[in-house]
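A.B. asks: One structure, as structure tokens, below. Some questions next.
The values are calculated or read from the model by the stated rules, or taken from the named source; none is laboratory data. These figures come from a predicted structure and were not determined experimentally. As a convention, Cβ positions derive from the backbone with ideal geometry for all residues, glycine included, and neighbour counts pool all protein chains shown. To get the accessible areas, we keep the full protein, side chains included, count just its heavy atoms, and leave off ligands, DNA and RNA. Shrake-Rupley method; radii C 1.70, N 1.55, O 1.52, S 1.80 Å.
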Amino acid sequence: MSTPAPLPTADPSAWSMARALVGVGLVCGLLIVFVYEATRPTIERARAEALRRAVFEVLPGAASSQSFEPDENGRYIPAGANSSSEEIVHAGYDTDGRLVGLALDAAGMGYQDVIRLLYGYATEAEAIIGVQVLESRETPGLGDRVESDPGFQANFERLDVSLAADGQTILHPIEVVKPGEKQHPWQIDGLTGATITSNAIGSILRVSTLARLPAIHARLGDFEPKDSEPGDSEPGDSGKEVAP
Amino acid sequence: MVGPTRILEIRTSPHLLSGHRVETIMFNVVLALLPTTAWAIWCFGLKALLVLVTALASCLLTERAACAFSDRPSSLGDGSVAITGLLYGLTLPPGLPLWMVAVGGVIGVAMGKALFGGLGANPFNPALVARAFLQAAFPVAMTSWLPPFGPDRFGSLPASTLAPPFSRAVVDGWSGATPLAASKFGGELSALADLATGAVAGSLGETSGLLILLGGAWLVARHMMNWRIPVGIFTVVAGASALLHFVAPESHAPPGFMLFSGGLMLGAVFMATDMVGSPVTGAGCLLYGALIGALVVVIRAWGGMPEGVMYAILLANAVSPHIDRWIRPRVFGQVAAEGDG
Amino acid sequence: MNADEFWKGLWRENPIFVQVLGMCPALAVSNTARNALAMGLATLFVLVASNAVVALLRDFVPKQVRIATFILIIATFVTVVDYTIQAVSLELHRALGAFISLIVVNCLILGRAEAFASRNGIGRSILDGAGMGLGFTLALFCLGAVREILGSGSLFGVALFHAEFQPWVIMLLPSGGFFTLAAWLMLFSRWRAPDA
């Protein structure tokens, strides 16, 4: 078993090389599996907690949340713990169990790298009521002010994304205007010195709301707590008439 | 055998000496800068004077400290650091807090010059290193401009000038856009006469193109500046911007505006021609000037910032050794033997 | 003599200030003191563990496959650190990003495995790894502290200045890392060799 120090010219046998690689690989693999299993519950708990906190952040008034993903018929069903669907929707409920709104993931290109954000959509008001940046590498001190600047955050207190009458698209897609020129509830005031990043946030929101809100709004009933029966008719909470 | 032992002296180029000493050249550069400096102080008043004095003092003190730190004899006497300080001061916006001016001076001389081994060993122009550092560190303060000929400019100071160290600059009520920013973001052009005489907002020394050209002409006449560098820059900037203006007049400014706005004049005449950072051959200097000109036009036309002279010169500084390697004068055996002797 | 194996990494052969190794994490994640310290400690752990294992297996692994084996060992410990940091703080893991996984290719670690641990006993190798790792951590902390104080006006998140503090934006950018590193290199060379 012991390997005597080989002469400089002598090749070690293929067996000793294989033994070393396979042996080390095996032990290393076992160690990794062990650590993975040991840390997994903690990591998953921390992830879920971070997500829950972000959902509550973008849906003021929410006290509990539940994640949904669409099934093959487009119906939203409660998502499994490990769902990685792109279409996942987090519903937030207040203390009385009523639906406050939905939190949606969105991502797009910023100035430096992809920006990932979560936005809260109030179903009754048909407006965005909160935006939280989950991941960004924007320039510190300039671009990253979109996360901290109170003036910029104020854009998302009630950003109008009402559906058009036919329910197929958004009446006024979100647009970004020059700082201080916001006139309509669907406009976002840009941020001085962070033009590209604030434009990026606006366009991420615009693309995501245009693509997802009409479909989601048509199935709002799926998110109502408990009493959602299959084949439920259109929800009655959006005061306007609903297209068939 | 008695006699002087000849020791082979090994040193880097240049081996041919023009007869000018560093001190004479530096003295003349100061002289050439005087009209611009005086005009800057007249335009912007007391704050300009304070910025210039602080810039000079911080550079001089840093040079002195750096020499002591590295046990070298003081190199204050050759005057090069005074030029650095003066030029650096001229690139700053007039209302910049004095503590920022001092920080830039220390960084420029310590990191841009002393770190590399002092005068002659620095690849980049220290004054521009200082300005580039400030531009990246304090982007808001470095782009807050005050208009020239303000009322009571000799009797009062803007609040931002005297901001205590490490404090934010209080932005005064009126801050005017520079002509370049107005052109890039607002589509307005300033009158050429205003640009040439300096009656516009901008850095201290970027205002009057004519006075800078006057100083440059003085240096060229005394053979203390390589005229090929500014000529290369001006030609390319004028040519390229004329072409762009011809193709798309609504989005690109005419050549006259491009030449006289921003820091182009100061940069081309006094910064790019820094002997340390520029190539040694005539053809190399033309190429180096053309490169700066092209970079300036590219940054101004398509970059995110309105002004690009500083970055253009710093980039060309970095390329300059490669230009020297690429363009070598032909060596004649005779000359080499004489030069050796 | 054994003590010297430890101290050399801290001062005489400091990985950052003297060997100038591992520049990528040193410049990329030293924007706050906390990130720098976490990165340094993660590297310290990997360095000590991999040095120990490499020294232990030095007679078992044939020369021809040693690099592959070293990488395997290092990658294992990096993965362990990766999961541990995720379990401790997701936020920290997000701040350090890919640079935790990139410890695998930090030439400092492979360098010590190849140059030291594969030729020395386990005790000396652990001392060497600990010294080098601490030296790396110290250097990273020096960079991170300066960059956080000037760039954010705080240290470990505790504000040091008044509310009107003007942050030096450049210090949080990669270029600020270069400037800070240059300044520290200058000071360190001067201290280390006063007559150089």
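A.B. asks: Answer yes or no: is there a residue in the range B:175-196 that is open to solvent by less than 30 Å² (accessible area, probe 1.4 Å) and at pLDDT 80 or above.
C.D. replies: no
A.B. asks: Give the residue that is modelled with the highest pLDDT, with candidates limited to residues of the range A:141-151 that are under 22 Å from the mean Cα position of the chain (by Cα) and assigned to a loop (DSSP other than H, G, I, E, B).
C.D. replies: The qualifying residue modelled with the highest pLDDT is A:D149.
A.B. asks: Between residues in the range B:106-118 that are more than 11 Å from B:S75 (Cβ to Cβ) and residues that are of a type in the set (V, I, T), which pairs lie under 6 Å by C-beta distance while being six or more apart or on different chains?
C.D. replies: From residues that are more than 11 Å from B:S75 (Cβ to Cβ), the pairs are B:V106/B:T62; B:G108/B:V129; B:A110/B:T62; B:G112/B:V129.
A.B. asks: Can you name the number of the only condition in (1) more than 20 Å from B:M275 (Cβ to Cβ); (2) within 12 Å of chain C (Cβ to nearest Cβ) that B:G95 fails?
C.D. replies: (2)
A.B. asks: Looking at the range A:141-155, can you tell me whether even one residue there is away from chain C (no Cβ under 14 Å) and closer than 21 Å to A:L102 by Cβ?
C.D. replies: Yes, that holds for at least one residue.
A.B. asks: Which helices (runs of 4 or more DSSP H) sit wholly inside the range B:36-116 and have at least 1 residues that are open to solvent by 50 Å² or more (accessible area, probe 1.4 Å)?
C.D. replies: Fully inside the range B:36-116 and qualifying: B:46-69, B:98-112.
A.B. asks: While we're here: Give the residues of the range C:6-46 that are at positive phi and crowded, with 19+ Cβ neighbours inside 10 Å, sorted by residue number.
C.D. replies: Residue satisfying the conditions is C:G22 alone.
A.B. asks: So C:N2 passes all but one of these: (1) in contact with a helix residue (DSSP H, G or I) (Cβ under 9 Å, 6 or more places away or on another chain); (2) within 13 Å of another protein chain (Cβ to nearest Cβ); (3) more than 30 Å from C:R147 (Cα to Cα). Which condition number does it fail?
C.D. replies: (2)
A.B. asks: May I pose another question? Just checking, how many residues over the range B:141-167 are out of contact with any helix residue (DSSP H, G or I) (no Cβ under 9 Å at 6 or more places or on another chain) and within 14 Å of chain C (Cβ to nearest Cβ)?
C.D. replies: 2
A.B. asks: Still on this structure, I have one more. Anything in the range A:8-28 that is outside any helix (DSSP H, G or I) and either more than 10 Å from chain C (Cβ to nearest Cβ) or under 13 Å from C:T76 (Cα atoms) (or both)? List them, or say none.
C.D. replies: A:T9, A:A10
A.B. asks: Can you name every residue in the range A:79-96 that is at pLDDT 80 or above and either more than 16 Å from the chain's Cα centre (by Cα) or surrounded by fewer than 14 Cβ atoms within 10 Å (Cβ to Cβ) (or both)? Don't jump to the end; show me each part of the working.
C.D. replies: Quick first cut of the range A:79-96, residues at pLDDT 80 or above only: A:88-96.
Those that are at pLDDT 80 or above and either more than 16 Å from the chain's Cα centre (by Cα) or surrounded by fewer than 14 Cβ atoms within 10 Å (Cβ to Cβ) (or both): A:Y93, A:D94, A:T95, A:D96.
A.B. asks: Going residue by residue through the range B:264-277, is there one that turns out to be assigned to a helix (DSSP H, G or I) and open to solvent by 20 Å² or more (accessible area, probe 1.4 Å)?
C.D. replies: No, that holds for no residue.
Per-residue answers, yes or no, for (1) more than 28 Å from C:A183 (Cβ to Cβ); (2) part of a loop (DSSP other than H, G, I, E, B):
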position	(1), (2)
C:G111	no, no
C:G123	yes, no
C:M132	no, no
C:C142	no, no
C:L150	no, no
C:H162	no, yes
C:M171	no, no
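A.B. asks: Identify, please: which residue in the range A:157-170 is in a loop (DSSP other than H, G, I, E, B) and within 27 Å of A:I196 (Cβ to Cβ) and is, among those, least open to solvent (accessible area, probe 1.4 Å)? Give the derivation first.
C.D. replies: Within the range A:157-170, the subset in a loop (DSSP other than H, G, I, E, B) is A:157-158, A:161-162, A:164-169.
This time we only want the ones that are within 27 Å of A:I196 (Cβ to Cβ), so: A:157-158, A:161, A:169.
Details: A:E157: 132, A:R158: 151, A:V161: 1, A:T169: 57 Å².
Residue satisfying both the conditions and the ranking: A:V161.
A.B. asks: Among the listed residues C:S189, C:S175, C:S118, C:S154, which satisfies the condition of being within 14 Å of another protein chain (Cβ to nearest Cβ), touching an Asp or Glu at 6+ places or on another chain (Cβ under 8 Å) and open to solvent by 10 Å² or more (accessible area, probe 1.4 Å)?
C.D. replies: Exactly one of C:S189, C:S175, C:S118, C:S154 is within 14 Å of another protein chain (Cβ to nearest Cβ), touching an Asp or Glu at 6+ places or on another chain (Cβ under 8 Å) and open to solvent by 10 Å² or more (accessible area, probe 1.4 Å), namely C:S154.
A.B. asks: Right, here's the next one. For A:L104, work out the one condition from (1) open to solvent by 30 Å² or more (accessible area, probe 1.4 Å); (2) in contact (Cβ under 8 Å) with a residue 40 or more places away in the chain it doesn't fulfil.
C.D. replies: Against the list (1) open to solvent by 30 Å² or more (accessible area, probe 1.4 Å); (2) in contact (Cβ under 8 Å) with a residue 40 or more places away in the chain, A:L104 comes up short only on (1).
A.B. asks: Still on this model: Which of the helices (runs of 4 or more DSSP H) contained wholly in the range C:20-109 include at least 2 residues that are modelled with pLDDT of 90 or more, touching a helix residue (DSSP H, G or I) at 6+ places or on another chain (Cβ under 8 Å) and within 14 Å of chain A (Cβ to nearest Cβ)?
C.D. replies: Correct list: C:33-56, C:66-88.
A.B. asks: Can I ask one more? Which residues, counting only those in the range A:29-69, are within 14 Å of another protein chain (Cβ to nearest Cβ) and among the β-branched types (V, I, T)?
C.D. replies: A:I32, A:V33, A:V35, A:T39, A:T42, A:I43
A.B. asks: Just to be sure, is B:M310 in a helix (DSSP H, G or I), closer than 20 Å to B:M142 by Cα and of a type in the set (A, V, I, L, M, F, W, C)?
C.D. replies: yes
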